[in-house]
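Following: one structure in structure tokens, then a few remarks.
The values are calculated or read from the model by the stated rules, or taken from the named source; none is laboratory data. Model, not experiment: these values are computed from the prediction. As a convention, Cβ positions derive from the backbone with ideal geometry for all residues, glycine included, and neighbour counts pool all protein chains shown.
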Amino acid sequence: MEFDRRSVLAGVAAWAGTGARARAKSRFVYKYGNNLPATHPLNRRARQAADQIRKETAGELDIRIFPSNQLGGDTGMLNQLRAGAIEFFTPSSLAIATLVPAAAINAVGFAFRDYQTVWAAMDGDLGGFIASEVEKAGLHMMPRVWDNGFRQITTSRRPVLTPADLSGLKIRVPVSSLPISLFRTLGGTPTGMQFSEVYTALQTHVVDGQENPLPIIDTAKLYEVQNYISCTNHIWDGYLFVANSAAWYRLPKDIRAVAETVLNTCCVAQRADVAALNVSVRAALSARHMTFADPDPAPFKKILIERGFYRHWREIFGDAAWRHLERYVGRLG
């Protein structure tokens, strides 16, 4: 019996050692961090991509995923990416705007009216323009932008039905000057804050509300600390799949081709996942006693025009970037 037990243990050890040696054969073991829960469609499709890339490169490229801010907040991960401590990161366009200001142009308030317009722009000249700006900052951006979604406002005390309902409202926004400017122009009191701090800030009433796409409101369980969702669609935001340039171009050309193709394919699948989730999650959040409202965006946009919001941001982004945006969304302001 003892001999059999030792044989079994030896066999297990040999199997484990073989697995470790096989994994160690990967020439490139790259870390990928993000701020989303493991259950979010982005992470599910990223795992699919990592598995497929490992398979198609015969294990040469092994991408290891660290979700849920395991490697720090957005600012910390962006700094790590630039330093080469991690190789991949998917910041929202608002988060990366602290380094690449032009990346936030897709998040101009009330610019996009629907997804058809979004994907035409982001898969077209506007996305290409953003990618070129990211490259100048020492990062490489994959051609396809993953969906974060249209952002909606959640509140604890009252729904936002008109711009007047934003007056004095303490609302968390990403650490980015664009959403801060948007809500300040509309009369709110915005506070830039890392996403990892949002739940606690809402729970302790440091802020009264926040704004995020429906899937994030659901997966981050914000329904536990918020009562109302106002579907303003005020910003469309995406996740840019970016790599440290030195690490990216260290990969052989054939491995880069595989990685980019697989990531882009899984990106398109993730977009479809989010589209389906946007339908189902509204029912799920309603079942969790969140009250929905669908305000008319026209009065919000009217105030932005009257108070010079679009004029100001055209000056910030520059005429060339603004032309790329207005080519798809029409004249703003």
Conditions (1) touching a Leu at 6+ places or on another chain (Cβ under 8 Å); (2) over 26 Å from residue 39 (Cβ atoms); (3) outside any helix (DSSP H, G or I) -> residue 82 fails only (3)
Just one listed residue, out of 36, 42, 9, is farther than 18 Å from residue 140 by Cβ, modelled with pLDDT under 95 and part of a helix (DSSP H, G or I), and it is 9
If you go through 295, 299, the only one that is over 15 Å from residue 213 (Cα atoms) and buried (at least 17 other Cβ atoms within 10 Å of the Cβ) is 295
Flagged in region 113-149 as under 24 Å from residue 211 (Cα atoms), surrounded by fewer than 23 Cβ atoms within 10 Å (Cβ to Cβ) and not basic (Lys, Arg), in numbering order, are 114, 115, 116, 117, 119, 127
Filtering region 157-207 down to residues that are among the polar types (S, T, N, Q), over 24 Å from residue 317 (Cβ atoms) and crowded, with 16+ Cβ neighbours inside 10 Å yields 194
Of (1) among the aliphatic types (A, V, I, L, M); (2) buried (at least 19 other Cβ atoms within 10 Å of the Cβ); (3) closer than 19 Å to residue 38 by Cα, residue 262 satisfies every one except (3)
Here the qualifying pairs (Cβ atoms under 9 Å; residues six or more apart or on different chains; first in region 98-113 and closer than 21 Å to residue 137 by Cα; second aromatic (Phe, Trp, Tyr) and outside any helix (DSSP H, G or I)) come out as 106/112; 106/236; 107/236
Q.
Just checking, does region 70-77 include any residue being polar (S, T, N, Q), part of a loop (DSSP other than H, G, I, E, B), modelled with pLDDT under 95 and under 16 Å from the mean Cα position of the chain (by Cα)?
A. no
